[in-house]
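Asks: Below: one structure in structure tokens.
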Amino acid sequence: MTLDRFGVHRSITPEGALPQQAERLDTTSPLAEGEMLVDVDYLNIDSASWHQLRSATNSDERAMREMIEEIVWSRGKMHNPVTGSGGMFVGTVARLGPGRESPPVGTRIASLVSLTLTPLRLHEIVELDAASEQIRIKGDAILFESSNYAVVPDDIPEQVVLGILDVCGAPAWAHRVIEPGSNVVVIGAGGKSGMLVCAQAI
């Protein structure tokens, strides 16, 4: 099995690292086997990263924009160097790489892998509100052959989809490991992920 399906070929520094561990990713090379290009409309920044960005800028929206732009431009991904965290995106499939047949071009999808391992080009931040972790952008991202995604349902607002799917792995993991009668401690239960884990643990 080639490691390219996990995006190793896009790691610039250090070369050969898994994308999440890489300091910088290649966002400009042609699509490789199994990859797809997505036109991105929304980023949902994870709670820890958003809190750090707000704290570092005193919630100044212009400064927050500049920090996000600097992270993406310097790293080729939205991977906050302070918190080590990212988030996820919603966008439209624009092009399929060699050997890839789905999802069809034009499909609205939400990424189910972290922005910390997703090659991302940020052309413009269209809308940013310091009170919301969701930002509207113009950009594009590359999902690898191994990258999970979900088709955005037609009957749920996309802002809700962003909030739900961003933390979908946490309650699923809680369901897997928590047994009846267990005592459960949730650290950071005030965020979306923590609240969903608490709901699963009841």
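Asks: Can we say GLY86 is surrounded by 24 or more Cβ atoms within 10 Å (Cβ to Cβ) and in contact with a Pro (Cβ under 8 Å, 6 or more places away or on another chain)?
Replies: Spelling it out, it is not the case that GLY86 is surrounded by 24 or more Cβ atoms within 10 Å (Cβ to Cβ) and in contact with a Pro (Cβ under 8 Å, 6 or more places away or on another chain).
Asks: Could I ask something else about it? Hey, can you tell me all the residues within region 84-99 that are farther than 14 Å from GLN159 by Cα, under 18 Å from the mean Cα position of the chain (by Cα) and part of a strand (DSSP E or B)?
Replies: THR92, VAL93, ALA94
Asks: Taking into account only those residues within region 135-156 that are touching an Asp or Glu at 6+ places or on another chain (Cβ under 7 Å) and open to solvent by 70 Å² or more (accessible area, probe 1.4 Å), which is farthest from MET64 (Cα to Cα)?
Replies: Only one residue tops the list, namely GLU145.
Asks: Here are ARG65, ARG10: which of them is at pLDDT 95 or above and open to solvent by less than 40 Å² (accessible area, probe 1.4 Å)?
Replies: None of the other options fit; the residue is ARG10.
Asks: So, in region 70-127, how many residues would count as being of a type in the set (A, V, I, L, M), at pLDDT below 95 and over 24 Å from ALA17 (Cα atoms)?
Replies: 3
The values are calculated or read from the model by the stated rules, or taken from the named source; none is laboratory data. Please read these numbers as outputs of a predicted model, since none were measured by experiment. With ideal geometry, Cβ positions are generated from the backbone for all residues, glycine too; neighbour counts draw on all protein chains shown. The protein model used for the area step is the full one, side chains on, heavy atoms only, and it has no ligands, DNA or RNA in it. Shrake-Rupley method; radii C 1.70, N 1.55, O 1.52, S 1.80 Å.
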